[in-house]
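One structure is given below, encoded as structure tokens.
The values are calculated or read from the model by the stated rules, or taken from the named source; none is laboratory data. What you see is a predicted model, and the numbers here were worked out from it, not measured in a lab. Here the Cβ is made from the backbone with ideal geometry for all residues, glycine too, and neighbour counts use every protein chain on show.
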Amino acid sequence: MTAGSPGAARPPALSPEAAASLAKANRLVELGSRPPFRTYVADLWRRRSFLWTLSQAEADEKNSQDRLGVLWTVLNPLLLVCSYYLIFGVLFGTKRNVPNFIGYLSIGVVVFGFTSSAMTKGTRSIINNTGLVRALRFPRALLPLSATLTELITLLPALGVLLVLMVVTGEPITWHWLLLPLALAIQGLILAGLVLMGARLLNISRDLGNLIPVAIRLLRYVSGVFFDIAQRMDNHPTGAHIMQLQPFALPIDLVRQCLMESQPINWHHWLVGIAWAVGLFGAGVWIFWWDEAKYGRG
Amino acid sequence: MGRGEIWPRLAPTSPSSSPISTSPIGSKAAKKLGPTTPEDEEESLFRSLFRRGKDLSTLQTVEAVKDVSFIARHGESVGIIGRNGSGKSTLLRAIAGLIPPTRGRVWVSGEPSLLGVNAVLMSKLSGARNVFIGCQAQGLTKAEIRERFQDIVDFSGIGEAINRPMHTYSSGQAARLRFAISVATTPDILMIDEALATGDADFKERSAAKVAEIREQASTVFLVSHSNATVRDLCSRVLWMEKGVLLADGPTEEVVAAYEASLPKRKPPAKPAQKAPAPTTPDPKTQPPKTPDPKTPGPKTPAAPPPAPPPAPEQQAPPGPAAAPIG
């Protein structure tokens, strides 16, 4: 209301202390300081519809880039399944002793595909959206989260094909199928947590981004995508147990338990999965929040 | 509503020098290197080996804004003027909280909202999607946006193109849409980076009216512009930036007049000096104390030259983020 105070002589610059106390007296908020963690989480929750809009828009945009569009999200995993089947199943013989190997492999490929794409895109979501970060103020964690959600949305057609494939390869439809959403939710939260951590790391040093494809390849080979961990490591029961329960292998296992008759439900694994999901997601948000004021510089 | 004053302030954290520095590409990397002292050299060589692209050997810190301090109040409309590369846009982004300053602090009341010509939303998505994304980021609900959607589109004058991806827009169209999005809510602090210069006459009129309306609602408006006419029309107060330093701060007429007076005389020699301040100079030695009295434009003009000649021979440094507005 004191519009302008134009004619007034400019006061000399205040000392930092005086400035701080004046700001406090007028109840001003300091910019570039991260909000308290609880406020941050509440803010994230308040903007959840923004998260949804962003993910949906990105998913649509992704599908519209190619002529065949959505078809690729289905074709890609199918082609991958074929090549894995030939190389690992037939050539290296990992299909021995695995009932319904095609189904087994397809679940591995599709579910790990989500891990791979979310980790690749999600960790870059801050540095690839500098424009958005510099244009608008919103809790930055929304970007990695929406990238993860986007990948989940684009996974859906492939999942549909997977279900059809299960029926075609002779799996009976049981009530276990109802657990599928839970398994995917566990995976989604695990990934979101890891993506948040990775996004912060990449914001600190972009160069680390070059390591992510390597890490994903390594994980693909140790996470039981195309072989049965327990079977391959039957002389190292502890090692096998650790490999089965690590957060990248576990979701694949859980989905197989949902969809395949030969894989009985193991509640112990589900509990570990939920623990991973809660733990990693919480840790991810917390770790990401630490640098909240620093995104957008680079 | 608890809004006493809007009061962005970049206050020094140390009494001597407190630059806000940004680097053209990665301020974090640049910051680590900072002043290249001899013992740094080996490390910087090591680092440069791992740096990709053009940056292979030149990592530069550009101090785009140095030791700027001011208070803005509710209902004020503040113009920021200065040559290309003088730090206007960086200052604007710093007080919008979008580029965190390396030193100094900014306090605000309410949420700043910045729109700039260079602010890209999601260019692959359609304008309509961007309206939703932009408005939701500002805290509107979907229902509210649907209600205002037509208004926003009408205001922007985009028409049918709203359903096309934003990368198909002309720069003027994109700027108009961004402006329409950022004024869809009444922001507490509106920052405009050259956006108004890109519109046609009709749009300029509409946007001027909108800015006036926003000011009436006791929000504060910051405007970066190279058009002195626009600044005169819209601003009650003007900050004059020169080489990252706040040269003058006062009523529009006086400061703009002083700025204009400095232009024709200084233009030929100032050209090379327009480049951003030298990289890796932590001490703002060239920086004069801010001219204490903005009321006397006469003496101020002579105050401007001193910083200009000395840095002139200094090495080229890309104006970097500070040079965002061109035109």
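Looking across the range A:117-132, just one residue is more than 20 Å from A:W286 (Cβ to Cβ), touching a residue at least 60 places away in the same chain (Cβ under 8 Å) and either out of contact with any helix residue (DSSP H, G or I) (no Cβ under 9 Å at 6 or more places or on another chain) or crowded, with 22+ Cβ neighbours inside 10 Å (or both), and that is A:T130. Selection of the range B:43-60 for residues being more than 12 Å from chain A (Cβ to nearest Cβ) and either modelled with pLDDT of 80 or more or in a loop (DSSP other than H, G, I, E, B) (or both) yields B:S57, B:T58, B:L59, B:Q60. Of everything listed in (1) at pLDDT below 85; (2) away from chain A (no Cβ under 11 Å), the single unmet condition for B:F155 is (1). Answer yes if at least one residue in the range B:97-104 is assigned to a helix (DSSP H, G or I) and polar (S, T, N, Q), and no otherwise. No: the range B:97-104 contains no residue that is assigned to a helix (DSSP H, G or I) and polar (S, T, N, Q).
Scanning the range B:155-171 for residues that are without any contact (Cβ under 8 Å) to a residue 24 or more places away in the chain and more than 12 Å from B:A128 (Cα to Cα) yields B:T168, B:S170. When B:L92 is tested against (1) modelled with pLDDT of 80 or more; (2) within 30 Å of B:A258 (Cβ to Cβ); (3) in contact with a Ser or Thr (Cβ under 6 Å, 6 or more places away or on another chain); (4) within 13 Å of chain A (Cβ to nearest Cβ), just one condition goes unmet, and that condition is (3). Which one is nearest to A:W286 (Cα to Cα), of the residues in the range A:189-248 that are aliphatic (A, V, I, L, M) and not in a helix (DSSP H, G or I)? Here the answer is A:V225.
Collect the residues in the range A:198-218 that are within 14 Å of chain B (Cβ to nearest Cβ) and free of Cβ contacts under 8 Å to residues at least 40 places away in the same chain, keeping them in residue-number order. Within the range A:198-218, A:S205, A:D207, A:L208, A:N210, A:L211 meet the criteria. Could you identify the single residue in A:F92, A:F114, A:F101 that is of a type outside the set (S, T, N, Q) and in contact (Cβ under 8 Å) with a residue 60 or more places away in the chain? Only one candidate passes the filter, namely A:F114.
Restricted to helices (runs of 4 or more DSSP H) entirely inside the range A:87-174, those with at least 2 residues that are away from every other protein chain (no Cβ under 14 Å) are A:101-123, A:142-168. Out of all the residues in the range B:96-110, which are at the interface with chain A (Cβ under 7 Å from one of its Cβ atoms) and in contact (Cβ under 8 Å) with a residue 60 or more places away in the chain? Those that are at the interface with chain A (Cβ under 7 Å from one of its Cβ atoms) and in contact (Cβ under 8 Å) with a residue 60 or more places away in the chain: B:I99, B:P101, B:R105, B:V106, B:W107, B:V108, B:S109. Evaluating B:G85 against the criteria (1) more than 13 Å from every other protein chain (Cβ to nearest Cβ); (2) at pLDDT 80 or above; (3) not in a loop (DSSP other than H, G, I, E, B) leaves one unmet condition, (3). If the condition is being closer than 30 Å to B:R73 by Cβ and either under 18 Å from the mean Cα position of the chain (by Cα) or touching a residue at least 24 places away in the same chain (Cβ under 8 Å) (or both), then the range A:32-47 contributes A:G32, A:S33, A:R34, A:P35, A:Y40, A:D43, A:R47. Output yes when any residue across the range A:228-235 is among the small types (G, A, S), surrounded by 13 or more Cβ atoms within 10 Å (Cβ to Cβ) and under 19 Å from the mean Cα position of the chain (by Cα), and no when none is. No, the conditions are met nowhere in the range A:228-235.
Within the range A:48-76, count every residue that is touching a residue at least 12 places away in the same chain (Cβ under 8 Å) and either closer than 24 Å to A:L143 by Cα or under 18 Å from the mean Cα position of the chain (by Cα) (or both). Here the count works out to 12. If the condition is being surrounded by fewer than 20 Cβ atoms within 10 Å (Cβ to Cβ) and farther than 17 Å from A:A185 by Cα, then the range A:272-298 contributes A:W286, A:I287, A:W290, A:D291, A:E292, A:A293, A:K294. The residues in the range A:33-53 that are surrounded by 14 or more Cβ atoms within 10 Å (Cβ to Cβ) and hydrophobic (A, V, I, L, M, F, W, C) can be counted, and the count is 5.
If you go through the range A:43-72 and pick out every residue that is more than 13 Å from chain B (Cβ to nearest Cβ) and among the small types (G, A, S), you end up with 1.
For A:L79, the stated conditions do not hold, so it cannot be described as among the hydrophobic types (A, V, I, L, M, F, W, C) and either facing chain B (nearest Cβ under 9 Å) or surrounded by 13 or more Cβ atoms within 10 Å (Cβ to Cβ) (or both).
Summed over the range A:270-298, the residues that are acidic (D, E) and touching a strand residue (DSSP E or B) at 6+ places or on another chain (Cβ under 8 Å) give a count of 0. Can you find, within the range A:254-298, the residue that is nearest to the other protein chains (Cβ to nearest Cβ) among those that are in contact with a Lys or Arg (Cβ under 7 Å, 6 or more places away or on another chain) and free of Cβ contacts under 8 Å to residues at least 40 places away in the same chain? So, considering only residues that are in contact with a Lys or Arg (Cβ under 7 Å, 6 or more places away or on another chain) and free of Cβ contacts under 8 Å to residues at least 40 places away in the same chain, the one nearest to the other protein chains (Cβ to nearest Cβ) is A:R297.
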